[in-house]
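What follows is a single structure, written as structure tokens, with notes after it.
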Amino acid sequence: MVRGGPKLDHGRRRELGGSFRDGGRHYQRVRPGYPAESARWLVPAQARDALDVGAGTGKFTALLLELGLEVTAVDPSTDMLAQLSAHCPAATAMAGTAEATGLAEASFDVVTVAQAWHWCDALPASTELARVLRPHGTLGLIWNQLDTSVPWVHRLSRIMHAGDVYRPGHKPVVGPEFTGLEGHVTHWQDKVTTTDLMELTKSRSYYLRAGESTRAKVLANLDWYLHDHLAYPPDQELDLPYLTLAWRAVKA
């Protein structure tokens, strides 16, 4: 699992999370989606409607719609929500956060948080998401991580400052409003080019918050690693190994 998110205080977490509030079009273009297997595992078969929190540009929202759910998507970034509305017009897009959705209580069968729980304050967010869930509703948390068990990907993640370290014994923090937390791992590969990897790096919070000299150093190191050390020609297509880590819990 991710390391529970970066070890950050509340202010620093907000600052870094806010780095995603602009650049929705770039994020939509370069970030991977999620395997359908993970969505099917997270969402109960009887679920009718879902709230996707921290929905960003709708990468996971799209899978919820494909499962036939009525979906409301919440994100603090209007730029991200504009991309979501363009790509997932069937979803209802609203500004809000995990800690304050602004939605009525007992409104959803399932709440999902994709690639965003580590930017939330886990305990207040748990209280709020339990409030909007119906009795025995499901909380689903999901992350994509580079598969750092593959040696070349491990070094890639270090250069990108991706922070992807899979720790099988780790569990995300959720509040006492939820019980029966269980996890699921999906192994898959995303087909990308070396140019895609350069652009993916630019969508990471470390890069977005860095100064110009740090950004230039990161991109130079990545260019050397891909094109000199690994000897990929420019725009070489390759399979990038991922893990998708999913967790689900039931409203107590």
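The values are calculated or read from the model by the stated rules, or taken from the named source; none is laboratory data. Note that the structure is a prediction, hence the values are computed from the model and not measured. Backbone-built Cβ (ideal geometry, glycine too); neighbour counts: all protein chains shown. Please note that ligands, DNA and RNA were not included when accessible areas were found on the heavy atoms of the full protein model with its side chains. Shrake-Rupley method; radii C 1.70, N 1.55, O 1.52, S 1.80 Å.
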Alpha-carbon centroids, the stretch 221-242 and the stretch 124-193: separation in whole Å
26
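Of the accessible area of the stretch 182-252, with the probe set at 1.4 angstrom, what percent is carbon plus sulfur?
Details: 1710 of 3540 Å².
Ligands and nucleic acids excluded, carbon and sulfur reach 48 percent.
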With Cα coordinates, the longest principal axis of the chain makes an angle with the long axis of helix 212-223, in degrees rounded to 10, of 70
Neighbour net charge for Glu237 - beta-carbon separation under 15 angstrom, K R +1, D E -1
-4
With +1 at each Lys and Arg Cβ and -1 at each Asp and Glu Cβ, the charge dipole magnitude of the chain around its Cα centre, to the nearest 20 debye, comes out at 540
What FRET efficiency would be calculated for the residue pair His136, Arg209, taking the C-beta separation as r and a Förster radius of 41 Å, to the nearest 0.05?
0.55
Once both axes come from the Cα atoms, what is the angle between helix 122-132 and the longest principal axis of the chain, in degrees from 0 to 90, rounded to 10?
40
Packing-based ranking, highest mean first, of 92-103, 205-216, 127-138 given that Cβ atoms within 10 Å are counted
127-138, 92-103, 205-216
Check: the stretch 41-133 dipole with +1 on Lys, Arg Cβ and -1 on Asp, Glu Cβ, in debye
120
Rg (Å, one decimal) plus Dmax (Å, integer) for the alpha carbons of the stretch 103-184?
15.5, 47
Please compute the modelled spin-label separation between Ala216 and His154, points set 7 Å along Cα→Cβ, answer in nm with one decimal.
3.2
Given a Förster distance of 30 angstrom, what is the FRET efficiency for Thr193 paired with His87, based on the Cβ-Cβ distance and rounded to 0.05?
0.90
For the chain, what does -39500 (n - 2.57) per DSSP helix run (n ≥ 4), summed and divided by total residues, give at 222 nm, in deg cm²/dmol to the nearest 500?
-9000 deg cm²/dmol
By DSSP, what percent of the beta bridges with both residues in the chain are antiparallel, rounded to the nearest 5?
55
Helix 78-87 versus the longest principal axis of the chain: what angle, 0 to 90°, nearest 10, using Cα atoms?
90
From the Cα gyration tensor of the stretch 42-127, with a ≥ b ≥ c the square roots of its eigenvalues, which class applies: rounded if a/c is under 1.5, or else prolate if a/b is larger than b/c, or else oblate?
oblate
Cα convex hull of the chain, projected area averaged across orientations, nm²
12.7
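How high is the FRET efficiency from Lys202 to Val173, r the C-beta distance, R0 45 Å, rounded to 0.05?
Values: r = 29 Å, r/R0 = 0.66.
That pair, Lys202 with Val173, gives E of 0.95.
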Among Ala116, Ala45, Ala220, determine the one that fluctuates most according to a GNM of the chain built with springs between C-alpha atoms less than 10 Å apart.
Ala45
Got a sec? Charge dipole of the stretch 69-181, +1 on Cβ for Lys and Arg, -1 for Asp and Glu; which of Leu123, Leu133, Ala73 is way out at the positive end?
Leu123
Accessible surface, the stretch 97-193, averaged per residue in Å² (probe 1.4 Å):
43
